[in-house]
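Colleague: A single structure is presented below for examination.
What follows draws every value from the coordinates through simple rules; no lab data is involved. Treat the numbers as computed from the prediction; the structure is a model and nothing was measured. Neighbour counts run over all protein chains shown; Cβ positions are idealised from the backbone, glycine included.
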């Protein structure tokens, strides 16, 4: 009898302690979540390192898991191309005939260009080095638009480099681990790309808005921009190399001009990281060059895009 | 390996299946699916795993594990640490509170319960993300994500049910 009473009283003591412990843990973790979010906002650099360590560790797993997806995509494309082979062949023959004409034009222009450069003692552009990497994850969902690639610092990928795919700009390298990197896609809210409207020469900023159609901001109010105009990188502000295709204008209304990115975001399985020797985002303050006229913000300064 | 230690390994494996399935679903959600706009509206599968396991095996889904899974998810998607973790532990607390009501009922009630959890969790994420990014996020992608999450829940729940039936078992504390 006495033994039973003891066990009941112990259980009676342990249970409330357990319940209070769980409540305390719950409240402590909520407080910790808020604290982490606040610190993340205040000290993003410290948390970036933790993030790249996790991503580095998981990249081989993601790489393996994404193979079947890629194989499925390849299978779908090959079935599609089987049914389209006749029309595709006709289109390619027609395109080939057209391109043969352009080969002649290019050869003539090449000779002319070489002559003119020789006369002007022209200093040639720096040819970019490039790293091609697999896209192992399309992360973020509705709130953050980024991709993970399986190349990092050990492959000479650096923060700020331009990333292209299918011949068009995809975004820029935002975080770099040892063997992985995060690419901030041009549709993300944080993406700002200095650009020009090819037909008018107007300078604009391609501003991500978390929709598939980024906006053009800082456009002159009376600009004759119209739907279908090509938008390319300007190279201003030392952000991206000039001349990279970004997209086409799809909406040129009164209040808002938006573009359709040229890169097919749903079919990006590989990406090329370009190293033009320009830095897409400002370095951290301690790494800033000791220059009194150093740019104050990305995309708001001009010049100095090329060495 | 003798029978006792083999049994121990099997028992350990049974106990980590809920956590592993949650991590696996977090990774699956990140895969680059070649469907236009899909990554922006991909169903929140980790939420399904948390809901399922907290209802049926809360003993194998401790709060700290859910919090760690949330931090892992935040690291992968490039979100501020704590955002998804906060949502996950709130979901854990809510479902744990309501599990006696949800556990013994029909699948429709179980599904409706998840719909409410998904709606509240995603709306909370939307508000938190908007505050953290200092901008109103486009709501259409979140709405589509919510619909897809609720619609695809039975498929993932079926897969989790199979893993519970074959690997985990239904023993649970009273």
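Colleague: FRET efficiency for residue B:115 and residue A:102, Cβ-Cβ distance as r, R0 = 56 Å, nearest 0.05?
Modeller: 0.45
Colleague: Just how far, in whole angstrom, is the stretch A:49-122 from the stretch A:163-210 if you go by their alpha carbon centroids?
Modeller: With the stretch A:163-210 and the stretch A:49-122 each reduced to a Cα centre, they are spaced 19 Å.
Colleague: Separate question: State the dimensionless ratio Rg/Rh of the stretch A:13-113 (Rg: radius of gyration of Cα atoms; Rh: Kirkwood radius).
Modeller: Rounded to two decimals, Rg over Rh is 1.42.
Colleague: Taking every eigenvalue of the Cα gyration tensor of the stretch A:204-263, multiplying by 5 and rooting it, what semi-axes result, largest first, whole Å?
Modeller: 18, 13, 11
Colleague: If R0 is 41 Å, what FRET efficiency do you get for residue A:92 and residue B:152 from their C-beta distance, rounded to 0.05?
Modeller: 0.55
Colleague: Next question. Using alpha carbons only, how many degrees (0 to 90, rounded to 10) separate the axis of helix B:83-103 from the longest principal axis of chain B?
Modeller: 50 degrees
Colleague: Shifting gears a bit: Cα atoms only: what Rg and Dmax, in Å, come out for the stretch B:72-117?
Modeller: 13.5, 38
Colleague: Also: Under a plain spin-label model, where a point goes 7 Å from the Cα along Cα-to-Cβ, how far apart in nm are residue A:250 and residue A:45?
Modeller: About 3.9 nm separates the two model spin labels.
Colleague: Relative to the compact-globule scaling 2.2 N^0.38 Å, provide the ratio for the alpha-carbon radius of gyration of the protein assembly as shown.
Modeller: 1.17
Colleague: Now for a different question. Quick one: angle between helix B:63-77 and the longest Cα principal axis of chain B, in degrees between 0 and 90, rounded to 10, please.
Modeller: 40 degrees
Colleague: With N set to the number of residues, divide the alpha-carbon radius of gyration of the stretch B:1-156 by 2.2 N^0.38 Å and report two decimals.
Modeller: Cα Rg divided by the expected 2.2 N^0.38 Å: 1.10.
Colleague: Tell me, what does the Kirkwood hydrodynamic radius of the stretch A:129-282 come to in angstroms if you use every pair of distinct C-alpha atoms?
Modeller: 15.3 Å
Colleague: Right, something else. Rg(Cα) of the stretch A:55-120 divided by 2.2 N^0.38 Å?
Modeller: Working it through for the stretch A:55-120, the quotient is 2.05.
Colleague: Using helices alone, I'd like the mean residue ellipticity at 222 nm for chain B: each DSSP H run of four-plus residues gives -39500 (n - 2.57), total over residue count, nearest 500.
Modeller: -25500 deg cm²/dmol
Colleague: Okay, next question. How far apart, in nm, are two points set 7 Å out from the Cα along the Cα-to-Cβ line at residue B:20 and at residue B:107?
Modeller: 2.5 nm
Colleague: Given R₀ = 35 Å, what would the calculated FRET efficiency be for residue B:162 paired with residue B:3, taking r from the Cβ atoms and rounding to 0.05?
Modeller: It comes out at approximately 0.85.
Colleague: Output the relative contact order of the stretch B:16-168, whole-number percent, from Cα pairs under 8 angstrom with separation of 6+ residues.
Modeller: The normalised contact order for the stretch B:16-168 reaches 29 percent.
Colleague: Same structure, new question: Between the stretch A:128-153 and the stretch B:17-40, what is the separation of their alpha carbon centroids in Å?
Modeller: Result: 16 Å between the Cα centres.
Colleague: Next question, about the same structure. So how tilted is helix B:3-29 from the main axis of chain B? Cα-based, degrees 0 to 90, rounded to 10.
Modeller: On a 0 to 90 degree scale, this one is about 10.
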